[in-house]
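Worksheet: the structure to be examined is printed underneath.
The values are calculated or read from the model by the stated rules, or taken from the named source; none is laboratory data. The model shown is predicted, which means the values in this text are computed figures rather than measured ones. A quick note on method: Cβ atoms are made from the backbone with ideal geometry, for glycine too, and the neighbour counts reach across all protein chains shown.
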């Protein structure tokens with residue numbers, strides 16, 4: 001009985017440490033300054049409105065997005081165990097202050113894709129937007 005319990009405990013500890021390792025790896029890969037290369041809200045291309053966006057992700061799981069005089073900042077967590085991977089963003093300043101935004105993310109090298117639900121509803125289910133929604137799809141490239 002003790003051996004079974006110890007084995008079960010070891011498995012749980014392994015799974016927990018693996019999950020946090022994946023989270024740390026994903027967060028570390030996101031650190032840097034990003035340029036927006038695609039922006040779509042409710043199936044409408046809005047890249048022209050956001051081309052001056054300054055977006056930075058720091059090692060502490062925090063971000064800053066600046067567009068003109070408007071600054072949005074906060075923190076986020078990731079769950080790479082989900083498919084697609086999930087992100088929860090907690091805005092502490094700017095127009096989304098006090099809100100939690102549910103999102104999906106994927107990263108392929110220096111390309112980061114995030115699909116956000118800016119309407120405060122359920123998490124998006126795919127990397128796409130739909131007309132008459134507040135689903136927002138952004139693709140960023142890491143600045144060299």
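Quick notes on this one:
- Tally, over segment 33-48, of residues that are over 18 Å from residue 112 (Cα atoms) and part of a loop (DSSP other than H, G, I, E, B): 2
- Taking the conditions (1) touching a strand residue (DSSP E or B) at 6+ places or on another chain (Cβ under 6 Å); (2) in contact (Cβ under 8 Å) with a residue 60 or more places away in the chain; (3) surrounded by fewer than 17 Cβ atoms within 10 Å (Cβ to Cβ); (4) closer than 14 Å to residue 27 by Cα in turn, residue 88 satisfies each one other than (2).
- The single condition from (1) surrounded by fewer than 17 Cβ atoms within 10 Å (Cβ to Cβ); (2) in contact (Cβ under 8 Å) with a residue 24 or more places away in the chain that residue 122 fails is (2).
- Residue that is within 18 Å of residue 144 (Cα to Cα) and within 13 Å of the chain's Cα centre (by Cα), where the choices are 118, 112: 112
- Residue 13 meets each of the listed conditions (1) on the phi > 0 side of the Ramachandran plot; (2) modelled with pLDDT under 95 apart from (1).
- Enumeration of residues in segment 125-144 that are more than 17 Å from residue 38 (Cβ to Cβ) and without any contact (Cβ under 8 Å) to a residue 60 or more places away in the chain: 125, 144
- Some residue of segment 49-67 being at pLDDT 95 or above, in a strand (DSSP E or B), more than 17 Å from the chain's Cα centre (by Cα) and over 25 Å from residue 122 (Cβ atoms): yes
- Among the residues making up segment 91-119, a single one is crowded, with 17+ Cβ neighbours inside 10 Å and farther than 20 Å from residue 40 by Cα: 91.
- Taken together, the residues in segment 122-133 that are within 16 Å of the chain's Cα centre (by Cα) and farther than 16 Å from residue 84 by Cβ amount to 0.
- Qualifying position, being in contact with a helix residue (DSSP H, G or I) (Cβ under 6 Å, 6 or more places away or on another chain) and either surrounded by fewer than 18 Cβ atoms within 10 Å (Cβ to Cβ) or farther than 14 Å from residue 140 by Cβ (or both), among 78, 31: 78
- Identity of the residue in segment 39-85, free of Cβ contacts under 8 Å to residues at least 12 places away in the same chain and in contact with a strand residue (DSSP E or B) (Cβ under 6 Å, 6 or more places away or on another chain), that ends up nearest to residue 134 (Cα to Cα): 46
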